[in-house]
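Enquirer: Can you read through this structure? Questions will come right after.
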Amino acid sequence: MVFRFWFVARKNLQVVRSGERTNTDGKPVSNIILLSISDSDYSSLRPHLEYVSLPNHLVLHEAGGKLEFAYFPNRGLISLVVVMKDGKTAEAGIVGNEGYTGTLAAVGLSRSPLQAVVQITGNGFRVEVGALQNTLESAPHLQLMLSRYAAVRSIQVAQTAACNRLHDIEQRLARWLLMTQDRVDSGSLPITHDFLATMLGTDRPTVSLAAGVLQRKKIIEYTRGAVKIVNRRKLEDSACECYGVIQQYDGELGLKYVRK
């Protein structure tokens, strides 16, 4: 079964189908925030939308560095990562076509403590931070949507921190795979055990053991460089409560997961 983000009609939320909007170069828009804002606000932002490819491992923002662009993915997956002085890393959140990176820029801040790095190849649009901030002065619906998303993502970060501290690796792995599938709309995820270890703040052998448990239960299949989800319902049963909490607050943005 495939799970997709679809639009839910909520108060103040406009519904526009993927591909009905483009940037000035004619590139179609699939990012949910860009499809959800009012026509007038989108018209104000449209001249500043630059289409970009998002190849695997591309660093969009360095931790502690100046935010130069906000990125609105059409597809692919971006990880938000905490980087320690010794080089160790742990994921704080993920962004797909439901959101954007550079959330602090939307509230006037110029730096972020998190590194943003592409983990699954995709594409999308970027906007210079200065242009975004200027546009927000006369685009109240865009400001509302960006602020809502920033608030929901802060909940995701907090829930992820609690999850990494309190839940076992099998539950955390299941949660991460579910969240990733929701955003990339595919049952086959091009990820390695080394990458999963980095994202979950543990080591490769630990991830391999947890993946082996899920594979023996016929929930996933692991091949070199990819994980295939073969039983979504059992994977949900294997995840901790954190997945449901995060999914619930995604719904506050007017987003809903629908089985197709």
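Read-outs: derived from the displayed coordinates by stated rules, not from any lab. Please read all numbers here as calculations on a predicted model, not as lab measurements. Every residue, glycine as well, gets a Cβ built from its backbone with ideal geometry; the counts of neighbours run over all protein chains shown.
Enquirer: Tell me yes or no: at least one residue of the stretch 190-199 is in a loop (DSSP other than H, G, I, E, B), in contact with a Ser or Thr (Cβ under 8 Å, 6 or more places away or on another chain) and at positive phi.
Expert: Among the residues of the stretch 190-199, not one is in a loop (DSSP other than H, G, I, E, B), in contact with a Ser or Thr (Cβ under 8 Å, 6 or more places away or on another chain) and at positive phi, which makes the answer no.
Enquirer: Select from the stretch 153-177 the residues that are touching a helix residue (DSSP H, G or I) at 6+ places or on another chain (Cβ under 6 Å), surrounded by 22 or more Cβ atoms within 10 Å (Cβ to Cβ) and within 17 Å of GLU221 (Cβ to Cβ) and list them in ascending order.
Expert: LEU173, ALA174
Enquirer: Please find, among THR206, THR160, the residue that is more than 21 Å from GLU98 (Cα to Cα), out of contact with any Ser or Thr (no Cβ under 8 Å at 6 or more places or on another chain), assigned to a helix (DSSP H, G or I) and of a type in the set (Ser, Thr, Tyr).
Expert: Testing whether each residue is more than 21 Å from GLU98 (Cα to Cα), out of contact with any Ser or Thr (no Cβ under 8 Å at 6 or more places or on another chain), assigned to a helix (DSSP H, G or I) and of a type in the set (Ser, Thr, Tyr) leaves just THR206.
Enquirer: Just to be sure before I move on: is ILE120 in contact with a strand residue (DSSP E or B) (Cβ under 9 Å, 6 or more places away or on another chain), among the aliphatic types (A, V, I, L, M), more than 21 Å from ALA63 (Cβ to Cβ) and outside any helix (DSSP H, G or I) in the structure I sent? Explain how you work it out, then say what you get.
Expert: Values: in contact with a strand residue (DSSP E or B) (Cβ under 9 Å, 6 or more places away or on another chain): yes; among the aliphatic types (A, V, I, L, M): yes; more than 21 Å from ALA63 (Cβ to Cβ): no; outside any helix (DSSP H, G or I): yes.
Criteria not met by ILE120.
Enquirer: List pairs: first in the stretch 180-197 and free of Cβ contacts under 8 Å to residues at least 40 places away in the same chain, second outside any helix (DSSP H, G or I), Cβ under 7 Å, 6+ apart or cross-chain?
Expert: Qualifying pairs under 7 Å: THR192/GLY225; ALA197/ASP203.
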